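A.B. asks: Sending over a structure as structure tokens; questions will come in a sec.
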Amino acid sequence: MKRIKPTGIYGYLGRHLLRMASKSDMYIYYTEDKKLIEKYKFKTIRIPFVKDIFYELEAPKNTGIRAFKIRSFAKYQGFDLYIENCDDKMLLVAPLNEDSFLKVYPRRIWHKGWYDSRDPRFEISKEEVTDIWEERTPIEGFKFDTEPIVYLKKDDIWLVEE
């Protein structure tokens, strides 16, 4: 079963697909992989007064780097859902068409000690959805040579292994 990527910007560094972020007028690769940090000489960033440390490397535009934005989706009982977050077994999802979904599945979300019927998000097992896919869109200044839609799971069959 493949790890589903949260919505964000991703780019290739060699053969590794890494999370990226926009910083001022540039893009930055992020990783925690010690081998990549040493090989590509990532800069260590320490946040003052916090123990968090992260590693970044500039990803300059217009240099042939392959990068794109990824948004992940799932299909459940015929409804398309946006994947907001996930772990190894569960997905936090929201319906793309809330009105029609909530007519069929009126769920309530436990939120800070009370049920919020206005919040359409809910958790669901990865095994309950029939399809999971990524929609990839180009980022200006970067090479986009990938399929715009990549299925990870289709008709209850996992197509990509981790």
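The values are calculated or read from the model by the stated rules, or taken from the named source; none is laboratory data. Just so it is clear, the model here is predicted, and its values are computed rather than measured. Don't worry about glycine lacking a Cβ; one is built from the backbone with ideal geometry, like all the others, and counts go over all protein chains shown. Note: accessible area is taken over every heavy atom of the protein model, side chains too, but ligands, DNA and RNA are not part of it. Shrake-Rupley method; radii C 1.70, N 1.55, O 1.52, S 1.80 Å.
A.B. asks: Under 10 Å, Cα contacts only: if you run a Gaussian network model on the chain, which one of ASP145, ASP87, ASP52 comes out with the highest mean-square fluctuation?
C.D. replies: Checking each option, the largest mean-square fluctuation is seen for ASP52.
A.B. asks: Placing unit charges on C-beta atoms (Lys and Arg positive, Asp and Glu negative, everything else neutral), compute the dipole magnitude of the range 1-75 about its Cα centre in debye, rounded to 20.
C.D. replies: I would put it at about 380 debye.
A.B. asks: So if I place +1 on the C-beta of Lys and Arg and -1 on the C-beta of Asp and Glu, and nothing else carries charge, what would the dipole magnitude of the chain be about its Cα centre? I want it in debye, nearest 20.
C.D. replies: It works out to roughly 580 debye.
A.B. asks: Rule-of-thumb check for the chain: C-alpha Rg over 2.2 N^0.38 Å?
C.D. replies: 1.21
A.B. asks: Among PHE122, PHE54, PHE68, which one moves the most in a GNM of the chain with springs linking Cα atoms closer than 10 Å?
C.D. replies: PHE54
A.B. asks: When the accessible area of the chain is computed with all protein chains present and a 1.4 Å probe, what percentage of it is carbon and sulfur?
C.D. replies: C and S atoms contribute 50 percent here.
A.B. asks: Here's something else I'd like to know. Amide H of THR7 versus every other amide H placed in the peptide plane: which residues, excluding those fewer than 5 positions away on the same chain, fall under 5 Å?
C.D. replies: SER72
A.B. asks: Which entries in LYS51/LYS89; LYS5/LYS103; LYS23/LYS89; LYS23/LYS51 show an alpha-carbon gap greater than 25 Å?
C.D. replies: Pairs exceeding the cut-off: LYS51/LYS89; LYS5/LYS103; LYS23/LYS89.
A.B. asks: Right, another one. Considering the options TYR151, PRO95, LEU13, tell which one lies farthest towards the positive end of the dipole of the chain, charges being +1 on Lys and Arg and -1 on Asp and Glu at the Cβ, about the Cα centre.
C.D. replies: About the Cα centre, the residue reaching furthest to the positive side is LEU13.
A.B. asks: Could you pull out the trypsin sites (Lys or Arg not before Pro) across the range 37-90 that fall in loop regions by DSSP (anything but H, G, I, E, B) with no more than 12 other Cβ atoms inside 10 Å?
C.D. replies: Passing sites in the range 37-90 are LYS41, LYS51, LYS89.
A.B. asks: Write out the trypsin sites (Lys or Arg not before Pro) in the range 118-162 meeting two conditions: DSSP loop, and at most 12 other Cβ atoms within 10 Å of their Cβ.
C.D. replies: ARG118
A.B. asks: At 1.4 Å probe radius, can you tell me the per residue accessible area of the chain in Å²?
C.D. replies: For the chain, the per-residue accessible area is 65 Å².
A.B. asks: Here's another thing I want to ask about it. Could you run the Karplus curve 6.51 cos²θ - 1.76 cosθ + 1.60 with θ = phi - 60° over the range 74-89 and give me ³J(HN,Hα) per residue in whole Hz, x for Gly and Pro?
C.D. replies: Those phi angles translate into 9, 10, 9, 6, x, 9, 8, 10, 8, 8, 7, 7, 7, 10, 5, 10 Hz.
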